[in-house]
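Chemist: Pasting in a structure now, in structure tokens, and then I'll have a few things to ask.
The values are calculated or read from the model by the stated rules, or taken from the named source; none is laboratory data. None of the values given here were measured: they were computed from a predicted structure. In this analysis, Cβ positions are derived from the backbone assuming ideal geometry, glycine residues included, and neighbour counts consider all displayed protein chains. Each accessible area value is taken on the protein alone, full model and side chains, heavy atoms only, with ligands, DNA and RNA left out. Shrake-Rupley method; radii C 1.70, N 1.55, O 1.52, S 1.80 Å.
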Amino acid sequence: MTGQDQGYELPWDGPIEHDSEFTLLPDGEYDFEVINFERARHTPGPEGKLPPCNKAVLQIRITSPDGRRAQLTHNFFLHSSTEGILCAFFASIGQRKHGERLVMNWGKVPGARGRCKLGTRSWMSQRTGEEMKSNEIKRFLYPEDTAQSASAATAAFEPGRF
């Protein structure tokens with residue numbers, strides 16, 4: 001990781017030049033790459049659905065077929081109720097086969113690539129009161145699911161038929 005990837009402190013009289021590069025991608029299936037991973041601890045709020053537990057915080061880069069990129073943060077809660085999501089993630093990056101028992105190897109997660117289904121999340125800004133939108137990962141795709149969707153799309157196409 002370079003300082004540029006994680007960000008860096010600016011001096012009070014330092015130069016600035018990089019405008020915000022926020023990109024909202026349309027909902028759909030995309031390739032992703034894990035840019036960074038940090039270990040953290042989940043502390044539930046007043047409406048906490050999960051008890052305190054370990055949490056993996058991932059910075060993920062999504063790349064669209066036309067080359068546009070979006071970066072987002074995705075949290076994995078290490079709790080038995082989220083085990084299915086963890087299984088799908090590790091399968092999507094090729095560390096696990098469907099139905100296989102796996103000891104999670106977080107050390108191999110940075111740089112890993114896979115495929116996911118991306119959606120859009122809307123919320124109201126507390127600062128401005130306006131509706132805001134951002135991308136979020138709805139689910140991680142098993143490699144066999146990705147292959148099936150690609151072959152189904154190819155099989156459905158018939159040249160000259162509308």
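Chemist: Among the residues in segment 56-63, are any closer than 26 Å to residue 26 by Cβ and in contact (Cβ under 8 Å) with a residue 60 or more places away in the chain? Don't jump to the end; show me each part of the working.
Modeler: Start the filter on segment 56-63 by keeping residues that are closer than 26 Å to residue 26 by Cβ, which leaves 57-63.
Of the ones still in play, those that are also in contact (Cβ under 8 Å) with a residue 60 or more places away in the chain are 60, 62.
Yes.
Chemist: Residues being of a type in the set (Gly, Ala, Ser), within 13 Å of residue 140 (Cα to Cα) and open to solvent by 60 Å² or more (accessible area, probe 1.4 Å): count how many of those fall in segment 103-119.
Modeler: Of the residues in segment 103-119, 0 are of a type in the set (Gly, Ala, Ser), within 13 Å of residue 140 (Cα to Cα) and open to solvent by 60 Å² or more (accessible area, probe 1.4 Å).
Chemist: Find the strands (runs of 3 or more DSSP E) located wholly in segment 20-95 whose residues include 2 or more that are closer than 18 Å to residue 134 by Cα and open to solvent by 80 Å² or more (accessible area, probe 1.4 Å), and list them. Walk me through it before giving the result.
Modeler: Values: elements: 28-42, 53-63, 69-78.
Here the list reads 69-78.
Chemist: Could you please let me know if residue 126 is outside any strand (DSSP E or B), over 12 Å from the mean Cα position of the chain (by Cα), modelled with pLDDT under 95 and not small (Gly, Ala, Ser)?
Modeler: Details: outside any strand (DSSP E or B): yes; over 12 Å from the mean Cα position of the chain (by Cα): yes; modelled with pLDDT under 95: yes; not small (Gly, Ala, Ser): yes.
Yes; evaluated as a whole, the condition is true for this residue.
Chemist: Could I ask something else about it? When you check residue 132 against the structure, is it open to solvent by 20 Å² or more (accessible area, probe 1.4 Å) and over 21 Å from residue 25 (Cβ atoms), yes or no?
Modeler: On the way: open to solvent by 20 Å² or more (accessible area, probe 1.4 Å): yes; over 21 Å from residue 25 (Cβ atoms): no.
No, not satisfied.
Chemist: Assigned to a loop (DSSP other than H, G, I, E, B), of a type in the set (Asp, Glu), within 20 Å of residue 141 (Cβ to Cβ) and open to solvent by 50 Å² or more (accessible area, probe 1.4 Å): does that describe residue 100?
Modeler: Values: assigned to a loop (DSSP other than H, G, I, E, B): yes; of a type in the set (Asp, Glu): yes; within 20 Å of residue 141 (Cβ to Cβ): yes; open to solvent by 50 Å² or more (accessible area, probe 1.4 Å): yes.
So residue 100 passes the test.
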